[in-house]
Structure formats: C-alpha cells, structure tokens
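See below for the structure under consideration.
What follows draws every value from the coordinates through simple rules; no lab data is involved. Please read all numbers here as calculations on a predicted model, not as lab measurements. No Cβ is skipped: glycine too gets one built from the backbone with ideal geometry, and neighbour counts run over all protein chains shown.
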Amino acid sequence: MNERLRAQLVDVCEEARFSLDLVSRHGAAIETDPVLRKALERSCEIAGEALRAMVEHDPEIPVEFPGLPWREAIGLRTKLAHGYDSITPKRLIEVVEREFPGLLEEAEAILKAGPDPRAS
C-alpha cells in the first residue's frame, strides 16, 4: 500500500474513532443537537470518502482487503452527501454503533501489518 492509500486509511481510523467517541459520549443527544448531528454526519462522510478515494486510486484494493466494509461505508457517504434527508440521526447512530467498531478494527489491523512490499 503506497503512502497516499495509507494516509487515507489513517483518515478512516481517525474518523471512525471520532464517530464512536461522539456516539459514546452523547448518545441520543445527537438526535436533538444540530451541532452534534452535523459533526457525526461529517465524520461518517469523511470516512466513506477516504475509502471511496482509495478505491478510485486502486480499484483492486477491496479484493486485497475484503474485511473492510467498502460498499457499505461508501454507500453511507453517498447517502449523507446526496440523500442527506433520507437518513435520520437515530439511524446514523445505530449504524455507527453496529458497523464502526469492525471498520476501525479492520483498518487498524491493515495499518499495523506494515507497508506492502509492492508500495510505490
């Protein structure tokens, strides 16, 4: 994995951690506080965009790392960016609670595995 892809994966980890922390600290308050809601939406959007950019740069990367929920995270990003009114804050919280621990764990494992010998 080259440095560009690695940096994007670091972004995925940072945003997943932020989203999980926000949900953990504020829970249902996110549903009624527009600042918290927008912070969570944006964080999820950035994580999905980083994964989308990785696939755009290297279309084979999902095959190399099938444990990451590529389609789901990118789909969430698309929904937040283009169908922002189709996902409720409550639903977004549920998605983060259910999906982001695994996303974070898998992304961190890939980063800890070290540089790919094919990196350029």
Exercise. Taking Cα atoms, how many degrees apart are the long axis of helix 70-82 and the longest axis of the chain, rounded to 10 and kept between 0 and 90?
Worked result: 50 degrees
Problem set entry | Eligible aspartates and glutamates near Lys79 by straight Cα distance, threshold 20 Å, same-chain separation 8 or greater | Asp11, Glu15, Glu31, Glu41, Glu45, Glu49, Glu56, Glu94, Glu97, Glu99
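Roughly how big is the chain's charge dipole about its Cα centre, with Cβ charges of +1 (Lys, Arg) and -1 (Asp, Glu), in debye to the nearest 20? Show your work: numbers first, answer last.
Working: 16 positive and 23 negative charges, 45 e Å.
About 220 debye.
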For this session: Using only Cα atoms, find the angle between the long axis of helix 34-57 and the longest principal axis of the chain, and express it within 0 to 90 degrees, rounded to the nearest 10.
Result: 20 degrees
Problem set entry | Convex hull of Cα atoms in the chain, direction-averaged projection (nm²) | 6.9 nm²
Problem set entry | Listed residues Phe18, Leu51, Ala28: farthest to the positive end of the dipole of the stretch 18-120 (Cβ charges) | Ala28
